[in-house]
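Readers should treat all values here as calculations from the given coordinates under stated rules, not as data from a laboratory. Bear in mind that the values here come from a model prediction, so they are computed numbers and not experimental data. Using ideal geometry, Cβ is built from the backbone for each residue, glycine included, and neighbour counts are taken over all protein chains shown.
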Ligand SMILES: NC(=O)c1ccc[n+]([C@@H]2O[C@H](COP(=O)([O-])OP(=O)(O)OC[C@H]3O[C@@H](n4cnc5c(N)ncnc54)[C@H](OP(=O)(O)O)[C@@H]3O)[C@@H](O)[C@H]2O)c1
């Protein structure tokens, strides 16, 4: 444990003892100790001292780039955007102009913004990052920090070719939620948790920069990780419990109830509505044990007995998913699919197939009957 605290392994070798660890708080879960970095435990001047008047160049203007750059701007930092120029009203360039970024003042093309940045936030889509890497690499200043919100491009650099120069610091701050959540929470005087990591510490100051950036974009609690761990857990999570598995499980139960003669409204209520509106919020607020305790003894008995059967059935599938993610097979699929010129049309076709499933048709009708909710217009 001592060795772990004093040195940290990353792909370029051993990193010196982090100067920020003295402000961290140690937590222990079942005897496993971790250090977390909480904004209020740092000196109030930490962010200002670390970032000073450095130029932060945010590349892209998707949900993460929009939210992070707006939060940085509202927090008084020196932010510019790097976005590909377009007159399409749906393009990032035009969105940025609508958000009061001004061409040639704080809105530039990607190469120019990269060239001006002391900290370059590489927040294009993961496929866009591959496409623009040669431009970004050749325009990155010698001592600039390259910043990511997902480790994908670096971890799979045998496929992405994103290999930064050795003289650049390379860090990650990955908010635990989509970009829009980062902005909305900031506007509501709240914050979002994030993980952070240093991949390459050329300056000896990369940890400070990562943590200061995390606080500056509106993430007050930062959990240390590595690029590799962030990437594998993120890819497995979204393929499994967060998205893939939940859609598979909801649809399996809904379809089975329908095959057994239950009406759409009943199949929907017992599958989606009760889960999302009553039981999952209870799990979020008070934990699974508390939710179980507050259901009927009939429900408790059944759920206690059936949970291990699902565990045994599902864990091998998650293990397979993890193995395919680690082996780079999922990265290959994502890169191939999202690099093709018609990727958006193909993705929309797949999304429309989900939209057309009876379970989600039922959702659009049934949500009109939620107490206290506005009627939808679909
Ligand atoms: N940690 C987290 O919780 C979390 C959550 C979400 C995302 N992320 C990460 O954050 C990064 C950004 O994701 P996002 O969801 O905000 O955005 P996104 O939708 O993945 O990316 C959209 C942006 O990329 C630009 N782009 C795409 N291809 C391009 C190309 N070939 N050349 C130039 N620009 C291109 C788009 O510009 P145009 O409008 O011009 O097409 C747009 O500005 C990704 O690395 C993602 O994995 C992290």
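Histogrammed with a bin width of 10 Å, the alpha carbon distances of the stretch 3-225 distribute as 8, 35, 37, 16, 3, 0 percent, first bin at zero.
Considering only Cα atoms, the convex hull volume of the stretch 237-293 works out to 85 Å³ per residue. Between the alpha-carbon centres of the stretch 30-46 and the stretch 247-292 there is a gap of 37 Å.
Residues 272, 241, arranged from fewest to most other Cβ atoms within 10 angstrom of their Cβ, appear as 241, 272.
What's the center-to-center distance, using Cα atoms, between the stretch 305-330 and the stretch 65-87 in Å? After rounding, the separation between the Cα centres reads 39 Å.
Reducing the stretch 220-245 and the stretch 127-200 to their Cα centroids gives an inter-centroid distance of 15 Å. Per the Cα gyration tensor, the stretch 116-169 maps to an equivalent ellipsoid with semi-axes of 17, 11, 10 Å, ordered largest to smallest.
Per the Kirkwood treatment, what hydrodynamic radius in Å, one decimal, follows for the stretch 176-319 from the mean inverse distance over all distinct Cα pairs? Across the stretch 176-319, the inverse of the average 1/r is 18.6 Å. Contact order, relative form, for the chain: 13 percent (alpha carbon pairs under 8 Å, 6 or more residues apart, mean separation divided by residue count). When the chain is treated as a GNM with alpha-carbon contacts under 10 Å, the residue of 74, 349, 285 showing the greatest mean-square fluctuation is 285.
Within the stretch 255-322, the ratio Rg/Rh, alpha carbon atoms throughout and Rh by Kirkwood, equals 1.03.
Computed packing ranks the peptides 327-334, 120-127 as 120-127, 327-334, most packed first, by mean other Cβ atoms within 10 Å. Distance distribution note for the chain: the fraction of Cα pairs above 28 angstrom is 54%.
Between residue 343 and residue 364, what FRET efficiency comes out of the Förster formula 1/(1 + (r/R0)^6) with R0 = 25 Å and r the beta carbon distance, rounded to 0.05? Efficiency, rounded to the nearest 0.05: 0.40. If you model the stretch 151-211 as an ellipsoid using its alpha carbon gyration tensor, with each semi-axis the square root of five times an eigenvalue, the axes come out at 27, 16, 7 Å, biggest first. By the count of other C-beta atoms within 10 Å, a proxy for reagent exposure, 291, 70, 94 are ordered fewest to most as 94, 291, 70.
Hey, how much of the P(r) for the stretch 238-369 falls beyond 26 Å, as a percent of Cα pairs?
The share of Cα pairs beyond 26 Å in the stretch 238-369 comes to 39 percent.
Largest GNM mean-square fluctuation across 130, 317, 162, computed for the chain with C-alpha springs under 10 Å, falls on 317.
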